[in-house]
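Structure record follows, encoded as structure tokens.
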Amino acid sequence: MTAPSFEEFLRLSVDLTAFGETELLGTGLARQYLAKVRAACGDEIVTALLDAHRAARTEAAGDAGDAGSLDGILLDRVLLDRALRHRIFSDDRLGPVARNVIKLWYAGMWYALPPEWTDRYGARAAGEASTVTAASYQEGLLWRAIGANPPGAKGPGYGSWAQPPRIEDRYLNGATK
Amino acid sequence: MYAKFPEGAAHRTDPAAAAEVLYDAVVVGGGIAGALIASRLSQAGKRVLILEAGPAEDLTLRGYESYLDRFYSATGKDNQSPYPAGVNAPMPRGTDARRISPGAPDASAYLVQSGPFATDTTYTRVLGGTTMHWEAKTLRMLPEDFRMRTLYGEGADWPLTYEDLAPYYNEAEREIGVSADVADQAYLGITFDEGYVFPMKGLPLSYLDRMVATDLDGMPVELGGERRELRVRPFPQGRNGIPNPAYDGGKGYRPRGAVSTYQVEVGERCQGNNNCVPICPVQAKYHAGKTLAVALQSGRVDLVAQAVAHKVHIDEQTGRVTEIEYRRYDRPDSPGSATMRARGRLFVLAANAVENPRLMLASGLRGSSGLMGRNFMDHAYLLAWALLPEVAGTFRGTNCTGGITDLRGGRFRRHQAAFSVDIHNDGWGWARGAPMTDLVDLVDAGGRYGQSLRQGLVDRVSRQLQLAFMVEVPANPSNRITVDPAYTDHLGNMRPILTYDIPDYTMRGVAYARQLSRRIFARLGAEDHTAYDPDFWGYAVHAGEGYEIRGGNHLAGTHTMGSDPSTSVVDPDQRSWDHQNLYLVGGGSMPTVGTSNVTLTIAALCLRSVRAMLSQLDAETAPIAVEVAR
Ligand SMILES: Cc1cc2nc3c(=O)[nH]c(=O)nc-3n(C[C@H](O)[C@H](O)[C@H](O)COP(=O)(O)OP(=O)(O)OC[C@H]3O[C@@H](n4cnc5c(N)ncnc54)[C@H](O)[C@@H]3O)c2cc1C
Ligand code: SF4
């Protein structure tokens with residue numbers, strides 16, 4: 001079995017987080033995150049997750065060809081969402097791992113997988129709750145999503161808190177009661 | 001001003017050699033109380049020995065960085081997470097709190113709790129003490145807080161007035177470096193000297209505060225037959241802002257930066273890291289290391305760290321303290337210690353309101369009034385949380401920039417406790433572990449990912465409003481610290497045992513606070529999400545309603561001051577009535593806590609006591625004083 005591809009992990013991460021490749025690479029942690037997921041879940045499962053993701057994209061792209069050329073193709077978001085739910089999020093084995101990858105990116109922390117999962121697919125020492133590095137907390141996407149700095153790092157400057165938050169407009173307007 | 005923590009200061013004093021010195025003063029505890037006293041005594045030419053239970057490396061560059069790294073890497077970021085948990089000088093941790101079953105003390109953690117009420121109140125045993133992780137709100141007490149018994153028939157009167165303390169408040173504000181504007185802080189009887197300005201200008205209110213203020217300001221409240229209007233008011237803060245050029249009659253103010261080298265450039269102004277508790281990465285926030293650094297540079301202050309005071313020895317005839325016996329441990333994380341002693345003319349216990357009485361009681365010194373350890377006080381916090389109708393950009397700024405202080409005083413205090421209200425810039429963090437809990441919930445239970453996750457986070461986190469009502473707790477002799485040889489730590493020190501219940505007077509304030517929070521949320525158009533969990537360790541029922549009550553970390557009252565030796569432990573100078581050359585300083589001396597976080601008052605009291613210490617030293621050592629004053 002070949003090792004899970006970094007590029008594919010990155011593409012998966014973009015879909016899971018709604019942050020662009022540049023932003024994800026900019027954290028400087030993408031490779032360490034892939035290594036973390038591999039260590040925590042094993043290559044077989046990571047590969048299965050990436051395969052399922054590729055298949056979901058193929059499905060969403062209708063009659064598109066192989067995964068490698070998918071990038072340029074306009075995906076149907078509704079179809080992709082459905083495919084991801086069907087192929088990944090509702091899958092006993094892949095769902096919890098995908099959710100953990102999301103949390104890893106957003107919190108900079110690896111959460112322990114649920115006990116039902118480890119009972120069935122095996123527990124590994126690297127699968128326990130842990131921070132990846134001291135820096136990973138600071139790079140959590142959560143803080144960017146809410147227009148804040150990670151508490152304790154990247155201080156935004158004196159008095160900045162008096163200004164409105166810098167949150168992307170589309171999310172601001174979407175705020176509903 | 002830049003004062004570096006002197007390299008090697010933590011190790012330059014040999015405990016064996018120190019045992020041969022008769023110091024002018026031996027100070028137990030290197031927190032703000034001990035640091036202030038050591039710095040002022042040494043300025044006056046006195047020789048001082050500080051015994052500090054915690055390790056002292058931590059105020060050097062490497063040490064401070066290790067705090068930060070420990071914090072960044074911790075999977076649970078509670079308020080002790082940056083600090084090393086040593087076995088020899090253990091400390092309570094908020095996460096220790098458990099529900100207490102009647103009759104069965106919870107001895108699972110350092111602070112033994114015999115209840116009935118369990119608290120998560122903490123303090124830090126490292127050099128610099130609890131100011132390493134305090135939030136640094138620096139409110140003065142109200143003049144009426146000093147006369148509670150006379151005015152409202154509740155609590156106690158102080159042997160001092162606001163006016164007596166006012167000059168020391170000024171000095172404490174200089175030492176801590178307080179950012180605030182007089183115009184915002186002169187209310188409910190608080191007065192300032194003609195022309196006074198704070199060292200630095202007030203920190204701006206957060207966007208969240210302003211959003212709350214838009215609707216809240218002017219909200220009428222009728223209480224105790226008095227009508228008032230609420231408003232959002234900035235808090236005075238012990239963190240660096242913009243120096244006020246008008247300070248000190250136009251001389252201005254130089255803020256104090258970091259004490260460890262690499263932060264020199266960044267250690268000046270608060271950057272809005274939103275992490276003041278548990279640790280300010282750039283040391284914009286005051287901590288006692290800043291005062292210690294200056295004291296240690298005087299050359300007249302010796303410091304022995306990893307030195308846990310074990311017993312206060314007295315001369316049976318005179319009642320005077322002869323020496324302090326302490327355990328000097330070799331390493332924070334393993335056993336191995338030596339018994340040492342320290343001698344001085346004066347002894348100052350500055351180990352905080354739990355550790356001071358613990359040490360006295362463990363030394364068999366209960367006090368002639370029988371009040372040692374009694375009248376333990378803290379603040380009781382009630383949280384209420386809601387979602388604002390619009391995005392407020394929560395999670396930015398210092399932990400708290402503004403709040404509501406209009407109900408800190410008034411005639412209603414005859415009937416129920418007063419409170420001050422914080423608007424938390426860190427959202428529902430304290431109540432519900434936001435924003436991580438929101439993230440986990442949105443992903444795991446909400447099936448959110450990608451854009452819908454980002455939307456969910458903005459909707460749910462950036463609109464959070466959490467009000468923290470800090471409710472006063474009056475002195476009650478049955479709330480107390482005791483010791484019992486059955487409970488000791490690794491070094492054989494008896495551990496503190498806390499017996500604590502929340503008085504009805506406080507609970508009436510709590511119940512009113514909850515009601516008021518509902519009105520406030522309604523006025524703001526905010527969705528109230530407050531729900532109190534009956535399984536919560538600090539769940540308390542009053543008049544049929546249950547509340548989650550949290551500890552305030554504002555330890556006070558265990559060796560209260562008074563003008564009558566039969567009803568107090570120390571005199572107005574914080575000198576022990578029973579032991580002429582012993583001072584017990586800090587929150588323990590306070591007869592009431594009112595509705596201000598206690599530290600500014602602790603600092604003012606200590607600065608005031610220094611005067612008494614100096615005149616006692618001069619009176620008692622008159623013939624050789626010439627030799628000491630270099
Ligand atoms: C999370 C949190 C937030 C807070 N926020 C605020 C705030 O906003 N405003 C405010 O006014 N206050 C606040 N406080 C309270 C404030 O931190 C304390 O009031 C203050 O630090 C007390 O100072 P101290 O010097 O009396 O005691 P401490 O700071 O506790 O120092 C005592 C020192 O004595 C040492 N010691 C203890 N036992 C021994 C022994 N046996 N032998 C030798 N040394 C010993 C300790 O290691 C320590 O260095 C907060 C506290 C916490 C925990
Ligand atoms: S907001 Fe940040 S920089 Fe300011 S005092 Fe708090 S932790 Fe320090």
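Read-outs: derived from the displayed coordinates by stated rules, not from any lab. Because the structure is predicted, anything quoted here is derived from the model rather than measured. FYI the Cβ positions are ideal-geometry reconstructions off the backbone, even for glycines, and counts take in every protein chain you see.
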So which residues in the range B:166-183 are surrounded by fewer than 22 Cβ atoms within 10 Å (Cβ to Cβ) and of a type in the set (A, V, I, L, M), if there are any at all? B:Ala166, B:Val182, B:Ala183
Among the numbered criteria (1) among the acidic types (Asp, Glu); (2) away from chain A (no Cβ under 14 Å); (3) free of Cβ contacts under 8 Å to residues at least 60 places away in the same chain, which one does B:Glu355 miss? (3)
All but one of (1) more than 23 Å from B:Ala603 (Cβ to Cβ); (2) touching a Leu at 6+ places or on another chain (Cβ under 9 Å); (3) within 15 Å of ligand 1 (Cβ to nearest atom); (4) hydrophobic (A, V, I, L, M, F, W, C) hold for B:Val112; state the number of the condition that does not hold. (3)
Just checking, does the range A:112-134 include any residue being out of contact with any Ser or Thr (no Cβ under 9 Å at 6 or more places or on another chain), more than 7 Å from chain B (Cβ to nearest Cβ), β-branched (Val, Ile, Thr) and farther than 30 Å from B:Cys270 by Cβ? yes
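Enumerate the helices (runs of 4 or more DSSP H) found wholly within the range B:395-468, keeping only those where 3 or more residues are within 22 Å of B:Val212 (Cβ to Cβ) and more than 7 Å from every other protein chain (Cβ to nearest Cβ). Lay out the reasoning, then the answer.
Values: elements: B:429-432, B:436-440, B:450-461.
Counting at least 3 such residues, we get B:429-432.
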For the range B:537-572, what are the residues that are in contact (Cβ under 8 Å) with a residue 40 or more places away in the chain, more than 16 Å from ligand 1 (Cβ to nearest atom) and outside any strand (DSSP E or B)? B:Trp537, B:Gly562, B:Ser563, B:Pro565, B:Ser566, B:Thr567, B:Ser568, B:Asp571, B:Pro572
The condition of being away from ligand 1 (no atom under 11 Å from the Cβ), without any contact (Cβ under 8 Å) to a residue 12 or more places away in the chain and among the aliphatic types (A, V, I, L, M) holds, among B:Ala97, B:Ala85, only for B:Ala85
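Helices (runs of 4 or more DSSP H) wholly in the range B:1-80 with at least 2 residues that are out of contact with any Ser or Thr (no Cβ under 6 Å at 6 or more places or on another chain) and not hydrophobic (A, V, I, L, M, F, W, C) - which ones? Give the derivation first.
Numbers: elements: B:15-19, B:32-43, B:61-73.
By residue number, B:32-43, B:61-73.
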Cross-chain or 6+ apart pairs with Cβ under 6 Å, the range B:129-142 first and closer than 12 Å to B:Thr601 by Cα and touching a residue at least 40 places away in the same chain (Cβ under 8 Å), then part of a helix (DSSP H, G or I) and aromatic (Phe, Trp, Tyr): B:Arg140/B:Tyr169
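Looking at B:Leu371, is it in a loop (DSSP other than H, G, I, E, B), away from ligand 1 (no atom under 16 Å from the Cβ) and touching a residue at least 60 places away in the same chain (Cβ under 8 Å)? Can you show your working first?
Numbers: in a loop (DSSP other than H, G, I, E, B): yes; away from ligand 1 (no atom under 16 Å from the Cβ): yes; touching a residue at least 60 places away in the same chain (Cβ under 8 Å): yes.
So B:Leu371 passes the test.
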Among B:Arg345, B:Arg320, B:Arg256, the single one that is more than 16 Å from ligand 1 (Cβ to nearest atom) and surrounded by 22 or more Cβ atoms within 10 Å (Cβ to Cβ) is B:Arg256
Taking into account only those residues within the range B:586-605 that are within 15 Å of B:Asn352 (Cα to Cα) and in contact with a Lys or Arg (Cβ under 8 Å, 6 or more places away or on another chain), which is farthest from ligand 1 (Cβ to nearest atom)? B:Thr601
Can you find a residue in the range B:184-200 that is closer than 25 Å to B:Ala246 by Cβ and within 14 Å of another protein chain (Cβ to nearest Cβ)? yes
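For every residue, the table says whether it meets (1) within 16 Å of ligand 2 (Cβ to nearest atom); (2) surrounded by fewer than 18 Cβ atoms within 10 Å (Cβ to Cβ); (3) under 23 Å from the mean Cα position of the chain (by Cα); (4) within 14 Å of chain A (Cβ to nearest Cβ).
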position	(1), (2), (3), (4)
B:Ala16	no, yes, no, no
B:Gly31	no, no, yes, no
B:Ser39	no, no, yes, no
B:Ile50	no, no, yes, no
B:Pro55	no, no, yes, no
B:Gly76	no, yes, yes, yes
B:Gly86	no, no, yes, no
B:Gly103	no, yes, no, no
B:Val112	no, no, yes, no
Return the pairs, sorted by first residue and then second, in which the second residue is surrounded by 14 or more Cβ atoms within 10 Å (Cβ to Cβ) and not aliphatic (A, V, I, L, M), the first residue lies in the range B:517-530 and is farther than 18 Å from B:Trp428 by Cα, the beta carbons are less than 8 Å apart, and the residues are 6+ apart or on different chains. B:Arg523/B:Asp215
Number of positions in the range B:125-170 that are more than 16 Å from ligand 2 (Cβ to nearest atom) and part of a loop (DSSP other than H, G, I, E, B): 15
Quick check: anything in the range A:91-110 touching a Phe, Trp or Tyr at 6+ places or on another chain (Cβ under 9 Å), assigned to a loop (DSSP other than H, G, I, E, B), within 16 Å of ligand 1 (Cβ to nearest atom) and closer than 30 Å to B:Asn79 by Cα? no
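Taking A:Leu172, is it closer than 21 Å to B:Gln464 by Cβ, in a helix (DSSP H, G or I), more than 16 Å from the chain's Cα centre (by Cα) and more than 16 Å from ligand 1 (Cβ to nearest atom)?
Values: closer than 21 Å to B:Gln464 by Cβ: yes; in a helix (DSSP H, G or I): yes; more than 16 Å from the chain's Cα centre (by Cα): yes; more than 16 Å from ligand 1 (Cβ to nearest atom): yes.
For A:Leu172, the condition - closer than 21 Å to B:Gln464 by Cβ, in a helix (DSSP H, G or I), more than 16 Å from the chain's Cα centre (by Cα) and more than 16 Å from ligand 1 (Cβ to nearest atom) - is met.
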Does the range B:439-456 contain any residue that is touching a Cys at 6+ places or on another chain (Cβ under 9 Å) and among the hydrophobic types (A, V, I, L, M, F, W, C)? no
Is the range B:184-193 home to any residue that is in a loop (DSSP other than H, G, I, E, B), surrounded by fewer than 24 Cβ atoms within 10 Å (Cβ to Cβ) and among the small types (Gly, Ala, Ser)? yes
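Does at least one position in the range B:101-109 carry a residue that is touching a residue at least 60 places away in the same chain (Cβ under 8 Å), under 30 Å from A:Lys103 (Cβ atoms) and within 16 Å of ligand 1 (Cβ to nearest atom)? Quick ask: steps written out before the conclusion?
First, pick out the residues of the range B:101-109 that are touching a residue at least 60 places away in the same chain (Cβ under 8 Å): B:105, B:107.
Now narrow it down to the ones that are under 30 Å from A:Lys103 (Cβ atoms): none.
For the range B:101-109, residues touching a residue at least 60 places away in the same chain (Cβ under 8 Å), under 30 Å from A:Lys103 (Cβ atoms) and within 16 Å of ligand 1 (Cβ to nearest atom): absent.
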Among the residues of the range A:133-149, is any of a type outside the set (A, V, I, L, M) and more than 19 Å from A:Thr27 (Cβ to Cβ)? no
So which residues in the range B:405-416 are at negative phi and over 20 Å from the mean Cα position of the chain (by Cα)? B:Asp406, B:Leu407, B:Gly409, B:Arg411, B:Phe412, B:Arg413, B:Arg414, B:His415, B:Gln416
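Going through the range A:135-175 one residue at a time, which ones are among the hydroxyl-bearing types (Ser, Thr, Tyr) and within 7 Å of chain B (Cβ to nearest Cβ)? Working first, answer last.
In the first step, residues of the range A:135-175 are kept if they are among the hydroxyl-bearing types (Ser, Thr, Tyr); the result is A:136-137, A:158, A:160, A:171.
Those that are among the hydroxyl-bearing types (Ser, Thr, Tyr) and within 7 Å of chain B (Cβ to nearest Cβ): A:Tyr137, A:Tyr158, A:Ser160, A:Tyr171.
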